[in-house]
Amino acid sequence: MKMKMIALALASVAAPAMAQQLPPAVIVLVDQQEMIDSSAAAKAATVELKPKADTLQARVNTLRTTLGSEEKTLRDTQPGQGAPPAAITAWQTKVRDFQTRQQQAEQEVQRRQAEIQASQQWIVKQINDAAQPIIGQIMRERGASIAMEERSTIQHTPGIDITADVLARLDKALPKVSITPPAAPAAAAPAAAPAASAAAPAAPPRR
């Protein structure tokens, strides 16, 4: 029992001494969004990516105008009650054709939007990857032990914000990035799907 009490007493003395040996935390802040948006690489990539975005927007405008006009024509030419069956069938065929092309247009726009988003994500990844060793180097120079996102703080002194320093070094190390993401690995061939049943003719929309 006496030996146990001595051990506990020694432990109570040693614990504060060990805690006092830990160095105080030194924090630096980085505004990552500012670092990315203001970087030379991001600006150059935005210029390079703009024609693709402009082309997509022009395509969307064209599809919206064309399909909207066709939809109005279909509504205006819908056969009334008592119309000949041949006229109703012909109109229904036009409706199905319009719906098919409308779906194809939506898929095209979604695919091209996904391509632009993939390029944007790839641009950000390249910049972030290049910035990490730069942030680490500045931390070592300043004796910092923690790097935090500047926008997650409520208040701070300007002297611990290293965004400008990171940005200056980043622009020298990475003036430009690729806007073309690496190709995704080939997916395994899907299993054969069961044959789909024939779709029923689309009913004409009501007036």
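Computed from the coordinates by the stated procedures, all read-outs in this text should not be read as laboratory data. Predicted, not measured: the structure shown is a model, and the values here were computed from it. All Cβ positions, even for glycine, are placed from backbone atoms using ideal geometry, and neighbour counts span all protein chains on display.
The table below lists the values:
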| read-out | value |
| --- | --- |
| Two-site FRET efficiency, GLU34 against GLN137, from Cβ-Cβ distance with R₀ of 22 Å, rounded to 0.05 | 0.70 |
| Highest average packing first - 74-87, 36-49, Cβ atoms within 10 Å | 36-49, 74-87 |
| Under the Karplus curve 6.51 cos²θ - 1.76 cosθ + 1.60, θ = phi - 60°, whole-Hz ³J(HN,Hα) for region 165-182, x wherever Gly or Pro sits | 5, 4, 5, 4, 6, 5, 4, 6, 7, 9, x, 8, 10, 7, 9, 9, x, x |
| Extended-chain gain in nm, criterion 0.36 nm per residue less alpha-carbon gap, ASN128 and GLU106 | 4.6 nm |
| Estimated inter-spin distance, ASN61 and THR157, nm [label 7 Å along Cα→Cβ] | 5.3 |
| Unit charges on C-beta of K, R, D, E only; dipole of region 46-125, Debye | 120 |
| Theoretical gain in end-to-end length, LYS50 to SER178 [0.36 nm per residue, Cα-Cα removed] | 44.7 nm |
| Positive-pole candidate from SER39, LEU29, ALA83, dipole of region 24-86, charges at beta carbon | ALA83 |
